[in-house]
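S.K.: The structure is given below, and queries will be raised subsequently.
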Amino acid sequence: MSEDLYPPIEPFESGLLQVAHGNRIYWEVSGNPKGKPALYLHGGPGSGLGSGSYRQRFDPLKYLIVGIDQRGCGRSRPLAAEAIDELHTNTTQALIEDIEAVRTRLGIGAWLISGVSWGTTLALAYAEEHPDKISELVLVAVTTTSRDEVDWITDGVGRIFPEAWQRFERDSGRRPGERVVEAYARRLATSDVEDRLRAARAWNDWETAHISLDPNWVPIDQRFDDERGLVFATLVTHYWANDGFLRDGKEILKRMPVIAHIPAVLIHGRRDISGPAITPWALHNHWPASRLVIVESEGHGGPQSFREMRLALDAFAGQPDGE
């Protein structure tokens with residue numbers, strides 16, 4: 001094993017699970033079939049599991065590692081960009097139901113939940129809905145998808161990148177009184193495929209700009225082709241324009257007492273310009289059982305953050321579920 005990661009492994013089982021609204025959710029299981037159950041939730045919304053490198057953060061001898069491609073992305077079907085008429089059924093509440101369907105399918109009682117970026121919002125929302133199904137949480141690049149966070153990342157951070165934001169705002173085609181994120185969400189949910197692609201490219205250019213101060217910066221177009229980029233932009237704008245489908249945009253913080261007893265590690269980069277550290281700080285201050293780790297040298301995730309994630313998972317691996 002390297003200092004930071006366990007050796008690559010492949011799933012020993014995978015499948016597509018039929019859930020509501022005609023969706024089939026891709027799931028995969030790796031590691032030890034008799035190990036401690038752990039679910040990994042990817043970012044985005046809409047990024048998917050990708051190469052599967054997330055598996056290398058878990059000890060394969062101690063964990064039963066579960067990964068899913070969230071509804072509408074990755075290997076789940078249909079893709080959001082191909083089922084625009086059903087986009088309204090893709091909500092945080094639906095994703096929580098999908099997670100529960102996978103847990104039931106695999107016969108898991110309680111599991112550790114880990115997530116990165118949007119995956120932390122989903123992990124928190126799921127935990128607050130089903131606290132009895134959670135043993136611990138390990139969250140990296142912590143978000144809650146509140147209105148304040150969305151407005152910062154789509155508008156406020158333009159104070160740091162005014163040239164890029166001017167292009168982003170101009171290319172949004174927003175109408176009077178319409179937020180930039182709402183304009184992109186509207187265009188990405190239409191039947192005009194060419195305009196959707198233009199909107200997706202403009203959106204992903206902005207994503208590349210606002211993460212560019214991160215020492216581990218990689219342009220979005222090096223991660224996504226047009227199809228994946230369209231799925232990503234469609235789902236991100238859909239969720240962000242709707243405050244993550246959380247009732248007042250601050251629902252997660254208000255419901256913290258429900259999970260305040262669950263052990264958790266919150267890991268966040270000090271240089272995360274897009275998602276400032278105030279979010280995990282506020283959660284930590286309402287979460288007696290949590291530990292906050294600030295990585296001074298990194299932005300929105302990175303090698304040191306994922307090393308801290310691995311260390312937290314290693315520490316929890318030796319603890320029985322629920323303790």
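S.K.: Output the residue which, of all residues in the range 1-30 that are touching a Phe, Trp or Tyr at 6+ places or on another chain (Cβ under 8 Å) and at pLDDT 95 or above, is nearest to VAL102 (Cα to Cα).
M.R.: Within the range 1-30, the match that is nearest to VAL102 (Cα to Cα) is LEU17.
S.K.: If a residue must be closer than 16 Å to THR89 by Cβ and either touching an Asp or Glu at 6+ places or on another chain (Cβ under 9 Å) or assigned to a helix (DSSP H, G or I) (or both), how many such residues does the range 238-252 contain?
M.R.: 5
S.K.: Being touching a residue at least 60 places away in the same chain (Cβ under 8 Å) and either part of a helix (DSSP H, G or I) or basic (Lys, Arg) (or both) is the filter here, so list the residues in the range 189-198 that pass it.
M.R.: ARG196
S.K.: Going by what's in this entry, would VAL181 be described as part of a helix (DSSP H, G or I), among the β-branched types (Val, Ile, Thr), crowded, with 23+ Cβ neighbours inside 10 Å and touching a Phe, Trp or Tyr at 6+ places or on another chain (Cβ under 6 Å)?
M.R.: yes
S.K.: Out of all the residues in the range 120-152, which are assigned to a helix (DSSP H, G or I), in contact with a Phe, Trp or Tyr (Cβ under 8 Å, 6 or more places away or on another chain) and within 22 Å of ASN285 (Cβ to Cβ)?
M.R.: VAL150
S.K.: A follow-up question, please. Here are some residues: ALA260, ALA317, ALA233, ALA241. Which one is touching a residue at least 24 places away in the same chain (Cβ under 8 Å) and closer than 24 Å to GLY35 by Cβ?
M.R.: ALA317
S.K.: Please find, within the range 31-42, the residue that is farthest from the chain's Cα centre (by Cα) out of those that are crowded, with 23+ Cβ neighbours inside 10 Å and among the small types (Gly, Ala, Ser).
M.R.: GLY31
S.K.: Residues in the range 11-20: is at least one part of a loop (DSSP other than H, G, I, E, B) and either within 19 Å of ILE65 (Cα to Cα) or charged (D, E, K, R) (or both)?
M.R.: yes
S.K.: Let me ask something else about it. Name the pairs whose Cβ atoms lie under 6 Å apart, with the first residue in the range 73-92 and in contact (Cβ under 8 Å) with a residue 24 or more places away in the chain, the second hydrophobic (A, V, I, L, M, F, W, C) and part of a loop (DSSP other than H, G, I, E, B), and 6 or more positions between them or separate chains?
M.R.: Taking only residues 6 or more apart or on different chains, the pairs are GLY74/LEU49; ILE84/ALA189; LEU87/ALA189.
S.K.: Also, quick follow-up: Filter the range 39-63 for residues that are in contact (Cβ under 8 Å) with a residue 40 or more places away in the chain and over 13 Å from GLY119 (Cβ atoms) and give the result.
M.R.: GLY52, SER53, ARG55, GLN56, PHE58, ASP59, PRO60, LYS62, TYR63, listed by residue number.
S.K.: Specify the residue that is farthest from the chain's Cα centre (by Cα); the eligible residues are those in the range 51-93 that are surrounded by fewer than 16 Cβ atoms within 10 Å (Cβ to Cβ) and hydroxyl-bearing (Ser, Thr, Tyr).
M.R.: Ranking the candidates gives THR89 first.
Condition check ((1) surrounded by fewer than 19 Cβ atoms within 10 Å (Cβ to Cβ); (2) at pLDDT 95 or above; (3) outside the structural domain of ALA80 (by TED's automatic domain parsing); (4) on the phi > 0 side of the Ramachandran plot) across all residues:
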{"position": "GLY119", "(1), (2), (3), (4)": "no, yes, no, no"}
{"position": "LEU124", "(1), (2), (3), (4)": "no, yes, no, no"}
{"position": "GLU129", "(1), (2), (3), (4)": "yes, yes, no, no"}
{"position": "ILE153", "(1), (2), (3), (4)": "no, yes, yes, no"}
{"position": "ILE160", "(1), (2), (3), (4)": "yes, yes, yes, no"}
{"position": "GLN166", "(1), (2), (3), (4)": "yes, yes, yes, no"}
{"position": "ASP195", "(1), (2), (3), (4)": "yes, yes, yes, no"}
{"position": "ALA199", "(1), (2), (3), (4)": "no, yes, yes, no"}
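S.K.: Starting from the range 158-171, keep only residues that are acidic (Asp, Glu), then list their pairs with residues that are part of a helix (DSSP H, G or I) whose Cβ atoms are within a distance under 7 Å, requiring at least 6 positions of separation or different chains.
M.R.: As it stands, the answer is GLU169/VAL180; ASP171/ALA202, since those pairs meet every condition given.
S.K.: Out of everything in the range 272-290 that is out of contact with any helix residue (DSSP H, G or I) (no Cβ under 8 Å at 6 or more places or on another chain) and more than 21 Å from HIS42 (Cα to Cα), what residue ends up being surrounded by the most Cβ atoms within 10 Å (Cβ to Cβ)?
M.R.: Residue satisfying both the conditions and the ranking: HIS284.
The values are calculated or read from the model by the stated rules, or taken from the named source; none is laboratory data. Fair warning: this is a prediction, and the values are worked out from it, not measured in the lab. Heads up, the Cβs are rebuilt from the backbone with ideal geometry, glycines too, and the neighbour counts pull from every protein chain shown.
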